[in-house]
1. If you take the residues in the stretch 211-231 that are polar (S, T, N, Q) and open to solvent by less than 10 Å² (accessible area, probe 1.4 Å), which one is farthest from residue 134 (Cα to Cα)?
2. Which one is nearest to residue 227 (Cα to Cα) among residues in the stretch 145-173 that are open to solvent by 40 Å² or more (accessible area, probe 1.4 Å) and part of a strand (DSSP E or B)?
3. Could you list, in sequence order, all residues of the stretch 238-263 that are exposed (fewer than 11 other Cβ atoms within 10 Å of the Cβ) and among the β-branched types (Val, Ile, Thr)?
4. Criterion first (more than 23 Å from residue 168 (Cβ to Cβ), charged (D, E, K, R) and modelled with pLDDT of 95 or more) does residue 106 satisfy it?
5. Return the pairs, sorted by first residue and then second, in which the second residue is open to solvent by 50 Å² or more (accessible area, probe 1.4 Å) and in a loop (DSSP other than H, G, I, E, B), the first residue lies in the stretch 159-181 and is touching a residue at least 40 places away in the same chain (Cβ under 8 Å) and closer than 18 Å to residue 213 by Cβ, the beta carbons are less than 8 Å apart, and the residues are 6+ apart or on different chains.
6. Any residue in the stretch 178-195 that is more than 30 Å from residue 149 (Cα to Cα) and at pLDDT 95 or above?
7. For residue 129, work out the one condition from (1) touching a Ser or Thr at 6+ places or on another chain (Cβ under 8 Å); (2) at positive phi; (3) at pLDDT 90 or above; (4) not hydroxyl-bearing (Ser, Thr, Tyr) it doesn't fulfil.
8. So which residues in the stretch 105-129 are open to solvent by 60 Å² or more (accessible area, probe 1.4 Å) and either of a type in the set (Gly, Ala, Ser) or touching a strand residue (DSSP E or B) at 6+ places or on another chain (Cβ under 9 Å) (or both), if there are any at all?
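The values are calculated or read from the model by the stated rules, or taken from the named source; none is laboratory data. The structure displayed is predicted, hence computed values, not measured ones. Here the Cβ is made from the backbone with ideal geometry for all residues, glycine too, and neighbour counts use every protein chain on show. Note: areas computed on protein heavy atoms with side chains; ligands, DNA, RNA excluded. Shrake-Rupley method; radii C 1.70, N 1.55, O 1.52, S 1.80 Å.
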Amino acid sequence: MKEIQANGHLHLSNGNGTVSDSEPHTNGSNGYAGTHNGTSNGSTSNGCSSKKQSVKCTCNKSGLENGSDTNNNQGHEKCTFHHDLELDHKPSTREDLLPLMSKSYRMLLSSLGEDPERQGLLKTPERAAKAMLFFTKGYDQSLEEALNGAVFDEDHDEMVVVKDIEMFSMCEHHLVPFYGKVSIGYLPCKKILGLSKLARIVEIFSRRLQVQERLTKQIAVAVTQAVQPAGVAVIIEGVHMCMVMRGVQKINSKTVTSTMLGVFRDDPKTREEFLTLCNNK
């Protein structure tokens, strides 16, 4: 058992990577020596007595036994101790995944018969891991953050269309890109959305592992949630590298998907107007 002192905390390590905080003691010999400002023996630096409530980890110990540590959320989901930003136990971020992802890419290179130690590949695992995090950054974004309050009251009830929004995504079946253009139309009901926010909604859902059919519907549903319009229409035209680089290798093929909600689904004339506007060059 090893003692590790960090940030005023005394940690005990059993050598297998499991770290735990010792019980607080009033004599300061183990655990927390008073508060974080350097107090000890239950007293502050000005001599005034101070009692600090004992802080304990209440997480599921089975999570730690299964290989989780204090820097991982597993087993600590409901433990305020590990989510207290004043302590050194913070929830992991996606950047914390980089070492493990880099190791996985290194193993992949070795499996292909490559030498990960040669000059051109030395930093490839880390670069590939960072690239994958960027390709899937939509997992870190929410609709509320993207809108940023850009929903405005406006007495406008005519169709709004933003077309040819560039889109890049990753096929969840083969982990290769597909890309294309998105056209969005909606019929406002006293509320309009900042035009750039339509493009941001596309970015949120396209920067994930996707299939084009689901992506189309997710964009339409998000616009509906944002401004509660009378209807929403979304069309995506995409080129899938899983059909171009492999498989049937049809380099000129394009996939078109659509989602029609509200009046765009129920009223043929409204739907026709949207399609006409999308097709006009």
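1. 216
2. Among those that are open to solvent by 40 Å² or more (accessible area, probe 1.4 Å) and part of a strand (DSSP E or B), it is 151.
3. Selection gives 248, 251.
4. yes
5. Final answer for the pair search is 174/246; 176/245; 176/246; 180/254.
6. Looking through the stretch 178-195, at least one residue is more than 30 Å from residue 149 (Cα to Cα) and at pLDDT 95 or above.
7. Unmet for residue 129, out of (1) touching a Ser or Thr at 6+ places or on another chain (Cβ under 8 Å); (2) at positive phi; (3) at pLDDT 90 or above; (4) not hydroxyl-bearing (Ser, Thr, Tyr): (2).
8. Scanning the stretch 105-129 gives 110, 111, 113.
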